[in-house]
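Enquirer: I have a structure here, written as structure tokens, and I will follow up with some questions on it.
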Amino acid sequence: MLDVITLPAFNDNYIWLLKSRGDKRCWVVDPGEAEPVQHYLKTHELTLEGILLTHHHADHIGGVAALMKAGVTVVGSVQDVYRLPPLNLQVTQGDRFQLLGHTVQVLEVPGHTLGHIAYFIEDQHPPLLFCGDTLFAGGCGRLFEGTPEQMHASLQALARLPDTTRVYPAHEYTLSNLKFALQVEPDNLQLQQRMTECQQLRDKGQPTLPSTLADEKATNPFLRISQPTVVRCLARRFPDQPATAPAEGFALLRGWKDKA
Ligand SMILES: [Zn+2]
């Protein structure tokens, strides 16, 4: 049984720390800064065994050098070896490796960056997904390197994982994402309810994460491109750019959110 601990970093990043109950070893995902991790390791007398990196942006890798020591495994995409800190394990689509007795599966999810990967732990109940800046609660990452087609395909691949999957993105962007989602689907009751719940969590200073894939499929417009409500909204807003394929609808929605 893996526990996932939330370590806030910077303004709105989360570093996820994975540990097995009764075990002093742990892993972290995307340590953009070292201090929150070092502090947690010290106060809980844990040993860092490994680091999972989803992509090369500084707010995800900035803490790696300070956390590196003998015995720490750093995992990242083979595509980004020149942009990531030195990797002990270079991975690609479909690779599997062991983490604290669990099997981690690698999913390539290009879009935010070209070499972006996600980590899926299926043999945990519920399953866990660490998706970096690809899928956010209520939204998705900006397209810095990839095309709308790539990002749409990546999100669709994530949407095919089990509905119970716990989704661990790297940022607390939920409220602004849900605000935008409500512009797209103002009558989505589940979305309205999610906004209320997330607002209450933030008012108490608590994270809105993880979410579940079922939540995302019900309320995240970027996973709902083919829903009639979203199709109609895009047709109304962009009457001169009729989307003839879901990836085109995705491009319109992403462009709208970029300017929102
Ligand atoms: Zn990023």
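Enquirer: Within region 40-91, restricting attention to residues that are away from the ligand (no atom under 16 Å from the Cβ) and of a type in the set (Ser, Thr, Tyr), which residue is farthest from residue 128 (Cα to Cα)?
Expert: Looking at the filtered set, the residue picked out is 82.
Enquirer: Turning to a different aspect of this structure: Look at residue 94 and say whether it is more than 16 Å from the ligand (Cβ to nearest atom) and not in a strand (DSSP E or B). Walk me through it before giving the result.
Expert: Values: more than 16 Å from the ligand (Cβ to nearest atom): yes; not in a strand (DSSP E or B): yes.
Yes, satisfied.
Enquirer: For the structure I just gave you, tell me whether residue 143 is open to solvent by less than 40 Å² (accessible area, probe 1.4 Å) and either modelled with pLDDT of 95 or more or within 16 Å of the ligand (Cβ to nearest atom) (or both).
Expert: Numbers: open to solvent by less than 40 Å² (accessible area, probe 1.4 Å): no; either modelled with pLDDT of 95 or more or within 16 Å of the ligand (Cβ to nearest atom) (or both): yes.
Answer is no for this residue.
Enquirer: Find the helices (runs of 4 or more DSSP H) located wholly in region 185-260 whose residues include 2 or more that are buried (at least 17 other Cβ atoms within 10 Å of the Cβ) and under 23 Å from the mean Cα position of the chain (by Cα), and list them. If you could, list the steps in order and put the result at the bottom.
Expert: On the way: elements: 189-203, 213-219, 228-237, 246-259.
In region 185-260, the matching helices (runs of 4 or more DSSP H) lie at 189-203, 213-219, 246-259.
Enquirer: Taking the condition in a helix (DSSP H, G or I) and within 18 Å of the chain's Cα centre (by Cα), does residue 157 pass? So that I can check it myself, show each step before the final result.
Expert: On the way: in a helix (DSSP H, G or I): yes; within 18 Å of the chain's Cα centre (by Cα): yes.
Considered against the rule, which asks whether it is in a helix (DSSP H, G or I) and within 18 Å of the chain's Cα centre (by Cα), residue 157 comes out as yes.
Enquirer: Which is within 16 Å of the ligand (Cβ to nearest atom), under 23 Å from residue 16 (Cα atoms) and modelled with pLDDT of 95 or more, of 201, 155? Step through it out loud before you land on a result.
Expert: Working: 201 fails: within 16 Å of the ligand (Cβ to nearest atom).
Of the residues listed, the single one that is within 16 Å of the ligand (Cβ to nearest atom), under 23 Å from residue 16 (Cα atoms) and modelled with pLDDT of 95 or more is 155.
Enquirer: With the requirement that a residue be out of contact with any Asp or Glu (no Cβ under 9 Å at 6 or more places or on another chain) and open to solvent by 10 Å² or more (accessible area, probe 1.4 Å), what does region 8-33 give you? Spell out how you get there, then give the answer.
Expert: So in region 8-33, the residues out of contact with any Asp or Glu (no Cβ under 9 Å at 6 or more places or on another chain) come out as 22-23, 28-29, 31.
Passing the criteria: 22, 23.
Enquirer: Go through 12, 3 for me and flag whichever is under 25 Å from residue 174 (Cβ atoms) and without any contact (Cβ under 8 Å) to a residue 24 or more places away in the chain. Please lay out each step first, then the result.
Expert: Numbers: 12 fails: without any contact (Cβ under 8 Å) to a residue 24 or more places away in the chain.
Going through 12, 3 in turn, the sole match is 3.
Enquirer: Residue check: is residue 138 away from the ligand (no atom under 16 Å from the Cβ) and open to solvent by 10 Å² or more (accessible area, probe 1.4 Å)? Steps first, please.
Expert: Details: away from the ligand (no atom under 16 Å from the Cβ): yes; open to solvent by 10 Å² or more (accessible area, probe 1.4 Å): no.
No, not satisfied.
Enquirer: Still on this structure: Please determine, by comparing only the residues of region 63-103 that are of a type in the set (Ser, Thr, Tyr) and farther than 23 Å from residue 20 by Cα, which one is surrounded by the most Cβ atoms within 10 Å (Cβ to Cβ). I'd like the intermediate steps shown before the answer.
Expert: From region 63-103, those of a type in the set (Ser, Thr, Tyr) are 73, 77, 82, 92, 103; that's our starting set.
When the remaining residues are screened for being farther than 23 Å from residue 20 by Cα, the result is 77, 82, 92.
On the way: 77: 26, 82: 7, 92: 12.
Among residues in region 63-103 that are of a type in the set (Ser, Thr, Tyr) and farther than 23 Å from residue 20 by Cα, the one surrounded by the most Cβ atoms within 10 Å (Cβ to Cβ) is 77.
Enquirer: Taking residue 120 as the residue in question, decide whether it is open to solvent by less than 10 Å² (accessible area, probe 1.4 Å), assigned to a strand (DSSP E or B) and either free of Cβ contacts under 8 Å to residues at least 24 places away in the same chain or within 30 Å of residue 195 (Cβ to Cβ) (or both).
Expert: Values: open to solvent by less than 10 Å² (accessible area, probe 1.4 Å): yes; assigned to a strand (DSSP E or B): yes; either free of Cβ contacts under 8 Å to residues at least 24 places away in the same chain or within 30 Å of residue 195 (Cβ to Cβ) (or both): yes.
Criteria met by residue 120.
Enquirer: If residue 178 passes every condition in (1) buried (at least 19 other Cβ atoms within 10 Å of the Cβ); (2) outside any strand (DSSP E or B); (3) within 16 Å of the ligand (Cβ to nearest atom); (4) of a type outside the set (Gly, Ala, Ser) but one, which one does it miss?
Expert: (3)
Enquirer: Quick one: is residue 160 within 25 Å of residue 178 (Cβ to Cβ), surrounded by fewer than 24 Cβ atoms within 10 Å (Cβ to Cβ) and within 13 Å of the ligand (Cβ to nearest atom)?
Expert: Values: within 25 Å of residue 178 (Cβ to Cβ): yes; surrounded by fewer than 24 Cβ atoms within 10 Å (Cβ to Cβ): yes; within 13 Å of the ligand (Cβ to nearest atom): no.
In short, no.
Enquirer: Residues being open to solvent by less than 20 Å² (accessible area, probe 1.4 Å), closer than 28 Å to residue 23 by Cα and either β-branched (Val, Ile, Thr) or touching a residue at least 40 places away in the same chain (Cβ under 8 Å) (or both): count how many of those fall in region 123-135. Break it down stepwise before answering.
Expert: Within region 123-135, the first condition is being open to solvent by less than 20 Å² (accessible area, probe 1.4 Å), and the residues that meet it are 124, 127-135.
Subset that is closer than 28 Å to residue 23 by Cα: 124, 127-132.
Then drop every residue that is not either β-branched (Val, Ile, Thr) or touching a residue at least 40 places away in the same chain (Cβ under 8 Å) (or both), which leaves 124, 128-132.
Number of matching residues: 6.
Enquirer: Then there's this: May I ask you to list pairs of residues, at least six apart or on different chains, whose Cβ atoms are under 6 Å apart, with the first in region 101-117 being part of a loop (DSSP other than H, G, I, E, B) and among the β-branched types (Val, Ile, Thr) and the second being away from the ligand (no atom under 12 Å from the Cβ) and modelled with pLDDT of 95 or more?
Expert: 109/118; 109/154
The values are calculated or read from the model by the stated rules, or taken from the named source; none is laboratory data. All figures in this text were calculated on a predicted structure; none of them were measured in a lab. For neighbour counting, all protein chains shown are included, and Cβ atoms are generated from backbone atoms with ideal geometry for every residue, glycine included. Side chains included, ligands, DNA and RNA excluded: accessible areas come from the protein's heavy atoms. Shrake-Rupley method; radii C 1.70, N 1.55, O 1.52, S 1.80 Å.
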